[in-house]
Amino acid sequence: MNNTRILPFFVFAMIVAVFSLGVSAEEAREDARRLTVNGSGEVSAKPDKVIINFSVETKGPEAAKTIGENAEKTNAVLEKLKSMLGAEDKITTSRYSLSPVNEYNNETRKTEFKGYSVTNQVKVESRDIKEIGNIIDAAVKAGANGVDGLSFEASDKNELRREALSASVMD
């Protein structure tokens, strides 16, 4: 009776062993065709460009009027930014949205339509890093009500990436 209990376990163990060997052999064939190399390379650079996003958000009861108000405010911000930026600096629209504004009414227990929200976001890239504080102040005074994503970069980051890769090969 003990032999009949051991036999199924023995068969199961043999099946597991056979499949385990098959996987290991497959992995061995894959490893024979693979070359893995590790290296480390590092370069540093002083940032020479600042990137920042400014947005103008406007809310109102009618879509067309809200879009018009947003366009006027955004144009005022753009004009101010253009007057402060250099010839190599860039301003691009990075996002524009028109969305309904809804609010939950606790008394009626229903969501009520309140109007529209329009957001126009522009991305500014400037080489005048020292002036970024003044640029932010001027944009806000001109009507920007959102400032987001301030970052500093080196303009030759692709060349720096290639240098780091070359250094990693030498490691």
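Brief remarks follow.
- Counting only lysines at least 8 places from Lys49 when in the same chain, those with an alpha carbon closer than 19 Å to its own are Lys82, Lys90, Lys123, Lys130, Lys157.
- Summed residue charge, Cβ within 12 Å of Glu57's Cβ, Lys/Arg positive, Asp/Glu negative: +1
- Here each label is just a point 7 Å from Cα along the line to Cβ, and for Phe152 and Val169 those points are 3.2 nm apart.
- Whole-percent P(r), region 78-171, all Cα pairs, 5 Å bins from 0: 2, 10, 15, 15, 11, 10, 9, 9, 7, 5, 3, 2, 1, 0, 0.
- Once C-alpha pairs closer than 8 Å and six or more residues apart are averaged by separation and normalised to the residue number of region 72-171, the relative contact order reads 31 percent.
- Order by protection proxy (mean Cβ within 10 Å, highest first), peptides 129-137, 103-111: 129-137, 103-111
- Of all lysines in the structure, those lying under 17 Å Cα to Cα from Lys65, and not within fewer than 8 positions of it along the same chain, are Lys73, Lys114.
Rule-based calculations on the coordinates, nothing more; no lab input. Given the structure is predicted, the values throughout are model-derived calculations rather than measurements. With ideal geometry, Cβ positions are generated from the backbone for all residues, glycine too; neighbour counts draw on all protein chains shown.
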